[in-house]
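Trainee: Mind looking over this structure? Questions follow.
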Amino acid sequence: MPPDPSTAWGLYVHVPWCRIRCPYCAFHVDVARDVPADAFVDKVLRLVERRRADFPGDPATVYLGGGTPSRLPEAALARLIRGLVAPSTVEVTVEANPEDVSAPWLDALLEAGLTRLSLGVQTLEAHHARRLGRAHTPAHARHAAEVVARSGLRSWSADLMFGLEGQTLDELEGDLDALLALGPPHASLYGLTIEPGTPYERAVARGAIRPADEDAWHAMYGRLVARLGQAGLRRYEVSNFARPGHESVHNAGYWSDRPYLGVGPSAHGYLPDGRRTVDVADTAAWLERDDPAEAPERPTPEQAAVDLVIAGLRGVDGISLDHLAARTGHVPAESGRRRLVQGGLLVEQDGRTRLTDDGFYVADAVVAALVDALVPLAPDPSGQ
Ligand SMILES: C[S@@+](CC[C@H](N)C(=O)[O-])C[C@H]1O[C@@H](n2cnc3c(N)ncnc32)[C@H](O)[C@@H]1O
Ligand code: SF4
């Protein structure tokens, strides 16, 4: 049964450790040979016990992301899952890197309560895998996908990146052929983003790396939407595609304004009363401090509206302006919306504002334009 949207909440755990730091990645990660797995699991379970008092009932979904959750030893990972899952939890996802996946490992996690695996394939071309600095080869990725497909998992997903340095449309086609041959019921396809502070950013600045330009990016995005659609994987968010019934319930919660409890170094949370939380982005300090959360902050109504538009518009169902108004007292001005509708980038129908097919290509720009158009519903009584 799908979770009750009025009370459902998700639980996100950030596991910070990775085998190596990929040069394009800006997530909070630590490269340590000895992972303090038991101390980490104990701390997560203790903090969840304390923090869940702010949430009703049990989590509808559990998501272990990173970093690389599969970097935790099997016993610690299974203990973590067991400690977090409740009988009413409908989805339990773990992000895994291909080199960590084996049949006995998956069996142990299935027994602990795992229902979904997100496999970080990224590319199935050996030279691109090397350029991305990945620890795995395409052969690892294929083997891992076969193991996952044969397991009793209810669902699984493969992450792939595109818009890579020097990547051609033919190479992308090759990756899509190989990906679809693995038969994932869900796929996440991310255009390479050059993130501030990463080795990739410095390499781009000195001209050593030239990521795909806008035209190439658009051609690749169009190709992959078409290919995945033909294979039965429908786009349900800018970067996410699934066969019917395999959409990620946890991620859909972010897009439909459901609260979530975040725990782990750098993890964000969203309390049912609208306040935002964040854990300190320093693994040693996180392990050391009794409560490693910064003080929860209540966003201003305008910031809450910005957050809702950013999170919601990228999903195929878009946003409800009534919901936005009720939650934040702000909506995008009619003139701003009209421009985007007339430009063929947005559609307003059945009380929802959604991206059109063309709008999906420039989702970030449409989101930015809608955010710029936000206005308070009624004049501020203070006159300011
Ligand atoms: C933070 S990773 C965690 C999962 C796992 N460690 C991995 O690397 O597969 C989650 C996803 O973010 C994506 N990602 C990370 N950095 C990115 C970037 N600079 N541009 C596009 N996608 C990125 C990758 O596709 C990756 O699968
Ligand atoms: S992309 Fe994944 S494996 Fe690579 S550093 Fe980031 S979180 Fe770790």
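Trainee: What does the net charge come to around Val204 if you take all other residues with beta carbon closer than 10 Å to its beta carbon, with K and R at +1 and D and E at -1?
Mentor: +1
Trainee: Continuing with this model, one more query. Give me the log10 of I(q) over I(0) for the chain at q = 0.10, 0.12 Å⁻¹, as the Debye formula computes it from C-alpha points; what are the numbers?
Mentor: These q points yield log10 I(q)/I(0) values of -0.69, -1.01.
Trainee: To the nearest 20 debye, what is the magnitude of the charge dipole of segment 51-207 about its Cα centre, counting +1 on the Cβ of each Lys and Arg and -1 on the Cβ of each Asp and Glu?
Mentor: Here the size comes out at about 500 debye.
Trainee: Over 16 Å, how big is the tail of the calculated P(r) for segment 1-82, in percent of all Cα pairs?
Mentor: 57
Trainee: In Å and whole numbers, how far do the C-alpha atoms of segment 37-185 stretch along each principal axis, longest first?
Mentor: 52, 27, 27
Trainee: Per residue, how large is the accessible surface of segment 113-269? Use a 1.4 angstrom probe and give square angstrom.
Mentor: 40
Trainee: Could you work out what % of the accessible surface of the chain is carbon and sulfur, using a 1.4 angstrom probe and leaving DNA, RNA and ligands out of the count?
Mentor: Carbon and sulfur together cover 51 percent of it.
Trainee: Could you go through segment 195-201 in sequence order and give the Karplus-derived ³J(HN,Hα) for each residue, using 6.51 cos²θ - 1.76 cosθ + 1.60 with θ = phi - 60°, rounded to whole Hz, and x for Gly and Pro?
Mentor: Along segment 195-201, the couplings run 8, x, x, 9, x, 4, 4 Hz.
Trainee: Taking the square root of 5 times each eigenvalue of the Cα gyration tensor, what semi-axes in Å does the equivalent ellipsoid of segment 173-330 have, largest first?
Mentor: One finds semi-axes of 31, 24, 17 Å for segment 173-330.
Trainee: Counting only heavy atoms of protein chains, what accessible area per residue, in Å², does segment 1-51 have with a probe of 1.4 Å?
Mentor: So segment 1-51 comes to 53 Å² accessible per residue, rounded to a whole number.
Trainee: Output the relative contact order of segment 74-187, whole-number percent, from Cα pairs under 8 angstrom with separation of 6+ residues.
Mentor: Relative contact order, segment 74-187: 27 percent.
Trainee: Dividing the Cα radius of gyration by the Kirkwood radius, what Rg/Rh value follows for segment 186-255?
Mentor: When Rh is taken as the Kirkwood radius, the ratio is 1.09.
Trainee: May I pose another question? Placing +1 at every Lys and Arg Cβ and -1 at every Asp and Glu Cβ, with all other atoms neutral, what dipole size does the chain have around its Cα centre, in debye to the nearest 20?
Mentor: The dipole magnitude comes to about 340 debye.
Trainee: Out of every Cα pair in segment 216-266, what percent are spaced more than 19 Å from each other?
Mentor: Above the 19 Å cut-off, segment 216-266 has 43 percent of its Cα pairs.
Trainee: On a full-extension model of 0.36 nm per residue, what is the gain between Arg154 and Asp42, subtracting their alpha-carbon distance, rounded to one decimal in nm?
Mentor: 37.5 nm
Trainee: Taking the Cα atoms of segment 8-55, report the difference between the largest and smallest coordinate on each principal axis, in whole Å and largest first.
Mentor: Sorted largest first, the three principal extents are 38, 24, 11 Å.
The values are calculated or read from the model by the stated rules, or taken from the named source; none is laboratory data. Remember, predicted model here, so these are calculated numbers, not experimental data. Virtual Cβ from ideal backbone geometry, glycine too; neighbours counted across all protein chains shown. Quick note on the areas: whole protein, heavy atoms, side chains included, nothing else; ligands and nucleic acids left out. Shrake-Rupley method; radii C 1.70, N 1.55, O 1.52, S 1.80 Å.
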